[in-house]
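Okay, structure first, notes after.
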Amino acid sequence: MDKFIINGGKSLNGRIKISGAKNSALAIMPATILADGDNLLRNIPEVNDIYTMKKLMTHIGSDIEFENHTLKINNDNIDCFTAPYEHVKKMRASVYVLGPLLAKFGRAKVSMPGGCAWGPRPINLHLEAMKKLGAEIDLDGGYIVAKAKKLHGAKLHFDVSSVGATGNALMASVLAKGTTVIYNAAIEPEITLLAEHLKLMGAKIDGIGTKTLTIEGVDSLSGKEITNIGDRIECGTLLIASAMTKGKVEVEYSHPEHLETVIWKLEETGLDISVNEDMITVNAENFIPNPVDVKTAVYPGFPTDMQAQWIAYMTQAEGESTVTDTIYLDRFKHVPELNRLGANIKVINNSANVKGPQKLKGAKVMSTDLRASASLVLGGLVAEGETEVLRIYHLDRGYQHIEEKLKKLGAEIERIDTKEY
Ligand code: EPU
């Protein structure tokens, strides 16, 4: 099991390119199940969640090659309709195969995801949508068993805006008979890319990028080539790393408009940050951030996936701030670990009160989930002395070679294979 050893206190300087987005790749991969023929997905990050989806799809019979950030996928020989527990327990996004398998083959058996590291993450909206579209759903031995002769169009009203449920409903409805309308659809850029991908394959979808999607079912879709968007969360994490280490960094990122709220909040902290078409530049020499409160919200609000990193950032701010998560109320496992580095953070309900500025000091800390690990790396980058971040397999799920990127910018960070757990 790998860990990072970080020798803190080095400013980041230079230029870095952001990898493809994990969460859109995890949606457009299973979307290819719906299509006949060959699919080519470009700008796919080399992260473990992608390898997990690749394994799962190979298990059901997809033929997949992954080279140079490009996935070649052909699903013409799918002959198994089960997403086994061993894959789903590793990655909840495995549940994305439910909609496409049901729509294309009329059946799917998907292990029910359990709780996740920071609390319950239900999939009731996914299942209700499948039922409304005409599927029969049973629960058997921890598996969702879904069947439908032919899905039909329906009106779907989501009480909560859900990325995954919107994605699954969209993938199920493109081959359903008749018209489907999804109200309160998620408008995250990853879902917009999924809808554009489906449209390219021949689906009929109106309202892409809005909260109401109208889908007219078609008989078949055909494989196409698509380029994935850049990872907005990786970009936001590196912008915060640059600001915290008082660095001067140019970040090459294709879609700064997807990160507007984070950039706006960074500006509010007083950071010198400028945005060009596909480049974000941070100049943080001698910079001390102002404390700025954030409250996470669905897109285009402040992303929950940047909450942990923002808390790490605020430990260096001149004063007190409050960081509230309204999406995942319990997502604060990083707080006690950041406090081990010397931060002064208290969690009350779904808010963290951060008292800055605190001089952090290197210590051993433990990753508990993907974004929590990122916040610990940020802490380690500014802590005095040596920080060990254990269990970085969480980080490897979603950040492509993060230590190489940070090293290139001047950080002292090493990956060590360790027996320590
Ligand atoms: N929800 C329900 N019922 C459902 C589905 C969701 O109540 O059936 C609730 C959730 O409990 C949560 C809210 O709806 O409070 C939003 O959850 P959503 O369904 O949007 O999340 P998700 O699709 O499971 C994706 C990302 C997450 C990211 C969230 C929120 C992927 C593969 N995952 O998850 O990414 O935090 O949206 O933006 O796209 C990460 O990358 O670290 C990560 C966790």
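The values are calculated or read from the model by the stated rules, or taken from the named source; none is laboratory data. The structure presented is a predicted model; accordingly, all values stated were derived computationally and were not measured. A quick note on method: Cβ atoms are made from the backbone with ideal geometry, for glycine too, and the neighbour counts reach across all protein chains shown. SASA here: full protein model, heavy atoms, side chains in, ligands and nucleic acids out. Shrake-Rupley method; radii C 1.70, N 1.55, O 1.52, S 1.80 Å.
Numbers for the structure displayed
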quantity	calculated
Whichever residue in segment 272-293 is out of contact with any Leu (no Cβ under 6 Å at 6 or more places or on another chain), of a type in the set (V, I, T) and open to solvent by 10 Å² or more (accessible area, probe 1.4 Å) and, among such residues, is farthest from the ligand (Cβ to nearest atom)	I288
Filtered residue count, segment 164-187, keeping only those that are within 12 Å of the ligand (Cβ to nearest atom) and either closer than 14 Å to L98 by Cβ or touching a helix residue (DSSP H, G or I) at 6+ places or on another chain (Cβ under 6 Å) (or both)	8
Number of the condition not met by K147 [criteria: (1) more than 16 Å from the ligand (Cβ to nearest atom); (2) out of contact with any Asp or Glu (no Cβ under 7 Å at 6 or more places or on another chain); (3) open to solvent by 10 Å² or more (accessible area, probe 1.4 Å)]	(2)
Residue count, segment 163-193 (criterion: in contact with a Phe, Trp or Tyr (Cβ under 9 Å, 6 or more places away or on another chain), open to solvent by 10 Å² or more (accessible area, probe 1.4 Å) and closer than 16 Å to M130 by Cβ)	1
Residues of segment 293-332 satisfying the condition of being among the hydrophobic types (A, V, I, L, M, F, W, C) and in contact with a strand residue (DSSP E or B) (Cβ under 6 Å, 6 or more places away or on another chain)	V294, F302, W310, I311, M314, V323, I327, F332
Of all residues making up segment 294-333, the number that are surrounded by fewer than 24 Cβ atoms within 10 Å (Cβ to Cβ) and of a type in the set (S, T, N, Q)	6
Qualifying positions in segment 72-125 - of a type in the set (G, A, S), within 16 Å of the ligand (Cβ to nearest atom) and open to solvent by 10 Å² or more (accessible area, probe 1.4 Å)	A93, G114, G115, A117, G119
Top-ranked residue in segment 207-227 [being touching a helix residue (DSSP H, G or I) at 6+ places or on another chain (Cβ under 7 Å) and open to solvent by 10 Å² or more (accessible area, probe 1.4 Å); ranked as nearest to A284 (Cα to Cα)]	G209
Segment 369-421: number of residues that are buried (at least 19 other Cβ atoms within 10 Å of the Cβ), within 16 Å of the ligand (Cβ to nearest atom) and hydroxyl-bearing (S, T, Y)	3
Filter result for T214 (of a type in the set (S, T, Y), at pLDDT 95 or above and farther than 18 Å from I44 by Cα)	yes
Residue within segment 40-56 that is acidic (D, E), open to solvent by 40 Å² or more (accessible area, probe 1.4 Å) and at pLDDT below 95 present	no
Leading residue by the ranking (modelled with the highest pLDDT) among those in segment 239-254 that are open to solvent by 10 Å² or more (accessible area, probe 1.4 Å) and under 18 Å from G20 (Cβ atoms)	E252
The one condition in (1) part of a helix (DSSP H, G or I); (2) open to solvent by 10 Å² or more (accessible area, probe 1.4 Å) that G236 fails to fulfil	(2)
Residues of segment 131-141 satisfying the condition of being open to solvent by less than 40 Å² (accessible area, probe 1.4 Å) and out of contact with any strand residue (DSSP E or B) (no Cβ under 6 Å at 6 or more places or on another chain)	L133
Some residue of segment 401-412 being in a strand (DSSP E or B) and touching a strand residue (DSSP E or B) at 6+ places or on another chain (Cβ under 7 Å)	yes
